[in-house]
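S.K.: Here you go, one structure.
The values are calculated or read from the model by the stated rules, or taken from the named source; none is laboratory data. Just so we're clear, the structure is a prediction, and the values are computed from it rather than from any experiment. We place every Cβ from the backbone using ideal geometry, glycine too, and count neighbours over all the protein chains shown.
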Amino acid sequence: MTTIEGAFVRGTRVLVVDDSSLVRLYYRDALEKAGFEVEQAMNGLEAMEKALGGGFDLLVVDINMPKMDGLSFLRELRRSRTEAAAVPALIITTEAGSEDMQEARAAGANFYLVKPVSEEDLVAHAEVLAGRVR
Amino acid sequence: MSALGEQFVSEARELVAQATDALLGIERDGVSAGLVDQVLRAFHTLKGSAGLLDLPAMVLAMHVAEDLATSIQGGGTSPTPPVITQMLACLDLVAGWIDAFESGGDLPPSAGNEAREMSEALRGVLAPSGPAAAPQGGVLPGWAVQTIQMHHATLRSRAGVGELFAIAYEPRASCFYDGDDPLQLLRRIPALLALRVEGANIPPAEIDPFACLLRFYVLAEGPRDALAGIFRLVPDQVQIVDLPADALHAVPEEVAPAGAHTIVRRLINEQREMLQVSGPDNALPGRIGAAGRSAANALRHARLDQLADEVNEAGAAAQVDADAGALVAALAVALSSIDAQTSSAPVATAGNPDATEDAANRWIRVPEARVDALINLSGELIVLKNSFAHLARRIESEGSQDLSRAMRREQEAIDRLAGEVHDAVLRLRMVPLAQAFRPMPRLVRDLSQQLGKKVQLVTRGETVESDKAVVDRLFEPLLHIVRNAVDHGIETPQVRKAAGKPEAGTIAIAASRAGDRIIIQIEDDGRGIDPEAVRRTAEQRRLMAPDALAVLSDEETIELIFAAGFSTAAEITDISGRGVGMDVVRKTVEQIGGRVFLTSRKGGGTTVRLDMPVSIATARIMVVESAGQRFGISMDSVSETVRLTPNRVSQVKQNEGFVLRDRVVPICSLAELMSLGGQTKTDAESRLLIVLEVGTKIAAVEVDAIRARTEAVLKPMQGLLAGARGYAGTTILGDGTVLLVLDLKEILG
Amino acid sequence: MTVHRGDENTIVLEEICGVEDAEPLLQMLMELSLPRVDWRSCHSLHTAVFQVIMNLRPPLIGPCGDPWVETWLVPGLSWTIKADA
């Protein structure tokens, strides 16, 4: 959503969470080209810190990361009693099998894309999930 | 019933119809990604709606049906006729449940058992899935589908039988530095079928020529080892996916690229799904909140701001209450609204066009009553403009030249405008004939299977439009005619083969527009009607005295099947059900201003022709005068007018009559018919006759003069005269007089 | 050089075009106004060179001397291709 405060237009802020720097770069380029403001996190812990800082309109989360994986991060975030708990989340997964989907839904994912993700798909889904009007 | 319940009923009915169309399409043309997807989506959505309205029996049945559809999609189950029949039976069951829900607010008490039995039956046709029939749980990655789509023309012509693979090769950006040349690897693919390259669109100033940002998508034949071997040094950049053999067979054109509206719909549906999955309690408010925001965002993206606001409110309330109910309900409503907006006029083909954002294709649902009210108003406008014309003529003769000229101009303008408004309004009620044709394939399929016959149905002209009232009432006669064709017309395969005909019979339904009439022709290549057999039956049923029968020509004999009492209950086979007689067909068709003709050749087939009006709101009438009074005659049955010199008139039995091209035509006087008294004109010069034909009956009505031919808006007879025979209605002439319009068919009938 | 200027704003690709030709090609394409690329005599094309062509979309004078490129890559190119010099 864009809010117009005075002469400033705040862009839609996205937090990209993925352990691969190349993937983060790829998503960031795609989203920035489409006009989003992008922040990055390389694991669930870092994601949690940044997300709790507030101000994000969308999360893009890879759920196949080691350490505190994407789903755990999402679960924790949804549990937190903050504004950030209700931020829409787009998860990137390697599988669309039904058990994984159920787990992701239980954790609070709002939509999903199956790898490999094309630039158009990523941007199209991000725009819908973040409510951007062309 | 609640608004939600009503939405459920109409949405569910449409889904059942779509799934039926798709299943029949699969049976006829083979499996295609688009058709299977349509079936799957239908069951999936029905399941969701049933869950929402707390109808566990239906949820159970839909769940198993969905599994079956998924199995077909993944290639584990083949859609053979028994499988299709079972799924159609499941849809029948659901249709019955929907009816029960509509009248009683719930599924019938037997639903539980029925659901269990149906689940058993469905599971029975679900074959165990083949080994690795499809990758990733039956879901082909989007890039594979896209590549198939783009190259389907080449792929279709492929004759090879090797295994098929889809390969995604996304080299690392730094691969050039590693000495890689991706094109070199791709060249090594021996049996390459299709190649798609995607690149990043980067402004020229920012291009780094040494960063590889290209992505390659390939379709190739196996063996897998050979392919894997080519990419063995870059396994992390390559994905190789098995393709089920039938992925290339049919043209998956219906798999539309994810247009925004499709994503919006899927996203909202996904929130519904997600909220039904239980998670940790303390995460529920967060999940509800996120779901609400996601759905509202999606709706805003689609510029459906009002729906977005509603979902937002529901979501906020649900989050506070930590109860998803209100939000789930709001999502269902939003979904139905989107579907209502994007579902176009009834789909005639199984290739259901995906909802697109095409602004030119937007639809509005309007209550029928409002359209009718508009039509009435418009009709009165026509009457008014007629009276205006009359006024204009008076001014011309009585008033000033200038004034009358000005008047005439205005009158012509109003004339045009009223005509245009009327046309536009009538078009609101226009509906494609496809609605009436839609159930035919299913009927033909079921009936021919039951009777052990092979019948194929061909239709043309589904897009021809007619007034909704006509199309609605067309369905039953059409049904009877087609039933008869399958039951009595088409012979068994053995008989056909012996007669040198192809084993499968054909029924062809063709609709076309001819001026302000619609012609629907139902033709079959079956055994035709045997005049002898008809004669015998007519004798048995004592429809006519034997000597009268003997005089009839073959064509006239065949017409007897339209006589009441021709088919009795014994004739009606169990298949055709209730009393079908062609007399009912003719009556129904005539009630909507149409005519039925039948021609047949013994051994060659039968053709039934329906001649229908495009619209029943206006009628062509002829204004005639007799004994000083004017009447309107509906031109439906008028075939010609004739001026006779008295010497051509002779006495035929009690009536006068004359010969018209080999036929004897009895004459009756309109003045007598209407008991007008007055003086009959004894004009020695000529007599004016209007010739009417109803079926094979022909007669002439004598009038004194014909005053006009015009298109008029008929008001049906009201009050005491409403049931009187022989009156088509009334209309108001330009000078304000009321004209009684006669339906001479009934008088002569 | 396997990438060199021809006449009339044409850039000619000859024989084997390797990864090192990508940058000169890019520069030429950016310097010339309305450049065209003649790849009829090129029979081996490195991915980097192809990528530059895909990004800059110059009209191409073909057919490409590399039949594999002509068969598998050219059909997917989305801009109009000039067929003759």
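S.K.: For the condition away from chain A (no Cβ under 14 Å), in a helix (DSSP H, G or I) and not acidic (Asp, Glu), what is the one hit in B:ALA326, B:ALA298?
M.R.: Step by step, each of B:ALA326, B:ALA298 is checked, and only B:ALA326 is away from chain A (no Cβ under 14 Å), in a helix (DSSP H, G or I) and not acidic (Asp, Glu).
S.K.: Among the candidates B:GLN149, B:GLN86, which residue alone is modelled with pLDDT under 65 and surrounded by 13 or more Cβ atoms within 10 Å (Cβ to Cβ)?
M.R.: B:GLN149
S.K.: Please tell me if B:GLY526 is assigned by TED's automatic domain parsing to the domain that holds B:ASP583 and modelled with pLDDT of 85 or more.
M.R.: In short, yes.
S.K.: Then there's this: So is A:GLU46 within 15 Å of the chain's Cα centre (by Cα), farther than 23 Å from B:ALA296 by Cα, within 8 Å of chain B (Cβ to nearest Cβ) and surrounded by fewer than 21 Cβ atoms within 10 Å (Cβ to Cβ) or not?
M.R.: no
S.K.: Moving to a separate point now. Look through the stretch B:535-592, keep the residues that are surrounded by fewer than 16 Cβ atoms within 10 Å (Cβ to Cβ) and under 25 Å from B:ASP743 (Cβ atoms), and return whichever of them is modelled with the highest pLDDT.
M.R.: Taking the candidates together, the pick is B:GLU556.
S.K.: Something else about it: Based on what the data block shows, is B:ARG527 touching a residue at least 40 places away in the same chain (Cβ under 8 Å), basic (Lys, Arg) and in contact with a Gly (Cβ under 9 Å, 6 or more places away or on another chain)?
M.R.: Yes; evaluated as a whole, the condition is true for this residue.
S.K.: Would you pick out the residues in the stretch C:46-76 that are outside any loop (DSSP other than H, G, I, E, B) and within 7 Å of chain B (Cβ to nearest Cβ)?
M.R.: Residues satisfying the conditions are C:THR47, C:ALA48, C:PHE50, C:GLN51, C:VAL52, C:MET54, C:ASN55, C:LEU56, C:TRP68, C:TRP72, C:GLY76.
S.K.: Name the residue that is nearest to A:ALA86 (Cα to Cα), counting only residues in the stretch B:278-288 that are crowded, with 24+ Cβ neighbours inside 10 Å and within 7 Å of another protein chain (Cβ to nearest Cβ).
M.R.: B:GLY286
S.K.: Return the residue satisfying two criteria in turn: it lies in the stretch B:422-433 and is of a type in the set (A, V, I, L, M, F, W, C) and assigned to a helix (DSSP H, G or I), and of such residues it is surrounded by the fewest Cβ atoms within 10 Å (Cβ to Cβ).
M.R.: Only one residue fits best here, namely B:ALA424.
S.K.: Starting from residues that are surrounded by fewer than 19 Cβ atoms within 10 Å (Cβ to Cβ) and assigned to a loop (DSSP other than H, G, I, E, B), keep the ones in the stretch B:439-459 and report whichever is farthest from the chain's Cα centre (by Cα).
M.R.: B:GLY452
S.K.: If only one of B:ARG648, B:ARG643, B:ARG663, B:ARG609 is without any contact (Cβ under 8 Å) to a residue 24 or more places away in the chain and out of contact with any Asp or Glu (no Cβ under 8 Å at 6 or more places or on another chain), which one is it?
M.R.: Just one listed residue meets the conditions, B:ARG648.
S.K.: Looking at B:LEU433, is it hydrophobic (A, V, I, L, M, F, W, C) and farther than 30 Å from B:ALA369 by Cβ?
M.R.: Answer is no for this residue.
S.K.: Another one. Of the residues that sit in the stretch B:215-225 and are within 46 Å of the chain's Cα centre (by Cα) and not basic (Lys, Arg), which one is surrounded by the most Cβ atoms within 10 Å (Cβ to Cβ)?
M.R.: It comes out as B:LEU219.
S.K.: Can you list residue pairs whose Cβ atoms sit under 6 Å apart, with the first residue in the stretch B:183-196 being more than 9 Å from chain C (Cβ to nearest Cβ) and part of a loop (DSSP other than H, G, I, E, B) and the second being surrounded by fewer than 21 Cβ atoms within 10 Å (Cβ to Cβ) and of a type outside the set (A, V, I, L, M, F, W, C)? Count only pairs 6 or more apart in sequence or on different chains.
M.R.: B:ALA191/B:GLU221
S.K.: Of the conditions (1) surrounded by fewer than 20 Cβ atoms within 10 Å (Cβ to Cβ); (2) modelled with pLDDT under 85, B:THR607 fails just one. Which one is it?
M.R.: B:THR607 satisfies every listed condition except (2).
S.K.: Another question about this same structure. Could you name every one of the strands (runs of 3 or more DSSP E) located completely within the stretch B:585-656 that has at least 3 residues being hydrophobic (A, V, I, L, M, F, W, C) and under 44 Å from the mean Cα position of the chain (by Cα)?
M.R.: B:595-601, B:605-613, B:618-626
S.K.: Among the numbered conditions (1) more than 11 Å from chain C (Cβ to nearest Cβ); (2) under 17 Å from A:LEU22 (Cα atoms); (3) at pLDDT 85 or above, tell me where B:PHE210 comes up short.
M.R.: All conditions pass for B:PHE210, except number (1).
S.K.: Could you say which residue among B:ARG429, B:ARG409 is farther than 22 Å from B:ALA22 by Cβ and in contact (Cβ under 8 Å) with a residue 60 or more places away in the chain?
M.R.: Checking each option against the conditions leaves just B:ARG429.
S.K.: Look through B:ALA89, B:ALA65 and report the one residue that is touching a helix residue (DSSP H, G or I) at 6+ places or on another chain (Cβ under 8 Å), in contact (Cβ under 8 Å) with a residue 40 or more places away in the chain and either small (Gly, Ala, Ser) or not in a helix (DSSP H, G or I) (or both).
M.R.: Being touching a helix residue (DSSP H, G or I) at 6+ places or on another chain (Cβ under 8 Å), in contact (Cβ under 8 Å) with a residue 40 or more places away in the chain and either small (Gly, Ala, Ser) or not in a helix (DSSP H, G or I) (or both) holds for just one of B:ALA89, B:ALA65, which is B:ALA65.
S.K.: Can you name the condition, by its number, that C:LEU25 falls short on among (1) within 11 Å of chain B (Cβ to nearest Cβ); (2) assigned to a helix (DSSP H, G or I); (3) surrounded by fewer than 21 Cβ atoms within 10 Å (Cβ to Cβ)?
M.R.: (3)
S.K.: Are any of the residues in the stretch A:74-87 under 12 Å from the mean Cα position of the chain (by Cα) and in a loop (DSSP other than H, G, I, E, B)?
M.R.: Within the stretch A:74-87 (the criterion being under 12 Å from the mean Cα position of the chain (by Cα) and in a loop (DSSP other than H, G, I, E, B)), the answer is yes, since at least one residue qualifies.
S.K.: Quick test for you: out of B:ALA436, B:ALA485, B:ALA406, B:ALA418, pick the one residue that is crowded, with 18+ Cβ neighbours inside 10 Å, part of a helix (DSSP H, G or I), of a type outside the set (S, T, N, Q) and out of contact with any helix residue (DSSP H, G or I) (no Cβ under 8 Å at 6 or more places or on another chain).
M.R.: It is B:ALA485.
S.K.: A further question follows. Could you pull out the residue among B:SER78, B:SER49 that is closer than 30 Å to B:GLN271 by Cβ and among the hydroxyl-bearing types (Ser, Thr, Tyr)?
M.R.: B:SER49
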